[in-house]
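Rule-based calculations on the coordinates, nothing more; no lab input. Here the structure is a predicted model, which is why all the values come from computation and not from measurement. All Cβ positions, even for glycine, are placed from backbone atoms using ideal geometry, and neighbour counts span all protein chains on display.
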Ligand code: LLP
């Protein structure tokens, strides 16, 4: 459920007409709904009720500080994967003891940053990383709390580019070697081994792969405890999918996911962390764009819009489907039209949809991409020297620009021309 609905024939973000935001900030832009963000966070928090738990929002999904502050004020922790994300989370007011640090390639500098500023735990992904973490912590006179990310070799049944839990993927240590790696970690004085971490992929629409992975984690917990490790925290990653098309069969709800967690892991008495990103932010955001031209091709019509692959790369990168709807509600019974929906960037990959049936729109009309809140703005670039597009946050009847559109000058002046030129 989200808070982007037609009212009196006009698409609204909560109580604000989307067209009003477009008039204020220009197109294209991203707009997020506070109520939707909070509702999705709350669904996870409620789903884990009864367990000692923390929902650590995977901020890679949408990392504007206003979004982070909204969620942090509701009690969320953060999952970060870079020094930049760590600094952003801190700047948004998230305390270090609610930040977990994931990722296969943490550098010594990033590790130092987090040890200095405070961290809930590092999710360690390899033995060499463990050595660097240990040495860095010792040199700083600190002890780093860690979980070790295990790779359970489970097929997440999602797009290959976002599956992470198979043995051929770069993530985690093979679960078959876990006891040996935990013994190594326990021998290092700069580390405090507190738990296990697992994350098998993103946009999962079935609970079965999660359950398989979590069962393996439950077995491993018992084994590691028998080996003398005090396993007291389980980080279960993110990955629960969202419905992108409205006629899709809805993926399992957070409540079902929470019940499955309780069933497979509840008996262990561990503190549970989860790292959802997409389900919190995905349907809490739209990308809004204006139709520049309707162009008739030989056998098709192109809707050329002012948003492009650099603003929302998911269709080009993952063949992802996004619902695209007009901002003015179509009249009942209006004849649909069929378009290839494309941006102005100079490559054929800059295609959002082919042969898409939708209500007819014309040049100057606004269209909204639904489910664009996660992995939208964060994955954008300035390809074709197109400035990053603004982000807007709505809260009931108010809206605020939470990242403004840079001017051409600001974009261009970041380059420096060497003196020999
Ligand atoms: N935790 C870890 C360690 C992760 O790697 C990820 C996502 C998450 C949590 C959050 O997963 P979520 O709940 O959002 O599924 N750009 C792609 C998705 C990449 C996901 C990467 N890792 C897309 O647009 O579909």
Bridge orientation stat for the chain from DSSP, antiparallel percent rounded to 5, came to 50
Cα-based Debye curve of the stretch 328-409 sampled at q = 0.20, 0.21, 0.24, 0.25 Å⁻¹ gives log₁₀ I(q)/I(0) of -1.22, -1.26, -1.33, -1.34
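Going by average Cβ neighbours within 10 Å, how do the peptides 301-314, 252-265 rank, with the highest at the top?
Values: 301-314: 22.6, 252-265: 17.8.
With the highest mean Cβ count within 10 Å placed first, the list reads 301-314, 252-265.
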Expressed in µm² per second, the diffusion coefficient of the stretch 54-200 from the Stokes-Einstein equation, with Rh the Kirkwood radius over alpha carbon pairs, at 10 °C and 1.306 mPa s, is 102
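As a test, work out the antiparallel percent of DSSP beta bridges whose residues both lie in the stretch 35-281, rounded to the nearest 5. Display every interim value, and only then the final one.
Values: 1 of 30 bridges.
Taking every DSSP beta bridge with both residues in the stretch 35-281, the antiparallel ones total about 5 percent.
Expected output is a single nm value to one decimal: the length gained when fully extending between residue 363 and residue 298, i.e. 0.36 nm times separation in residues minus the C-alpha distance. What is it? Let's see the in-between values first.
Details: separation 65, 0.36 × 65 = 23.40 nm, distance 1.93 nm.
That works out to 21.5 nm of additional length.
Divide by every residue of the chain the summed helix terms, -39500 (n - 2.57) for each DSSP H run of at least 4, and state the resulting mean residue ellipticity at 222 nm, rounded to the nearest 500 deg cm²/dmol.
Values: 12 runs with 117 residues, N = 421.
Helix contribution divided over all residues of the chain: -8000 deg cm²/dmol.
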Taking max minus min of the Cα coordinates of the chain on each principal axis, largest first, gives extents in Å of 69, 61, 42
Here the gain from full extension of residue 263 to residue 112, 0.36 nm per residue of separation minus their alpha-carbon distance, amounts to 50.6 nm
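Can you tell me what the convex hull of the Cα atoms of the stretch 35-281 projects to on average, as an area in nm²? Could you put the intermediate results ahead of the total?
Values: hull surface 48.9 nm².
Taking the Cα atoms of the stretch 35-281, their convex hull projects to 12.2 nm² on average.
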Cα-only Rg/Rh for the stretch 215-309 with Kirkwood Rh rounds to 1.27
The relative contact order of the stretch 35-281, taking Cα pairs under 8 Å that sit 6 or more residues apart, comes to a percentage of 22
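Once you have the Kirkwood Rh of the stretch 129-186 from its Cα pairs, apply Stokes-Einstein at 25 °C and 0.890 mPa s and quote D in µm²/s.
Working: Rh = 13.0 Å.
Stokes-Einstein gives a translational diffusion coefficient of 189 µm²/s.
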Expressed in angstrom and rounded, the centroid-to-centroid distance over alpha carbons for the stretch 309-386 and the stretch 74-90 is 30
In nm, the gap between the two label points placed 7 Å beyond Cα toward Cβ at residue 408 and residue 187 is 6.3
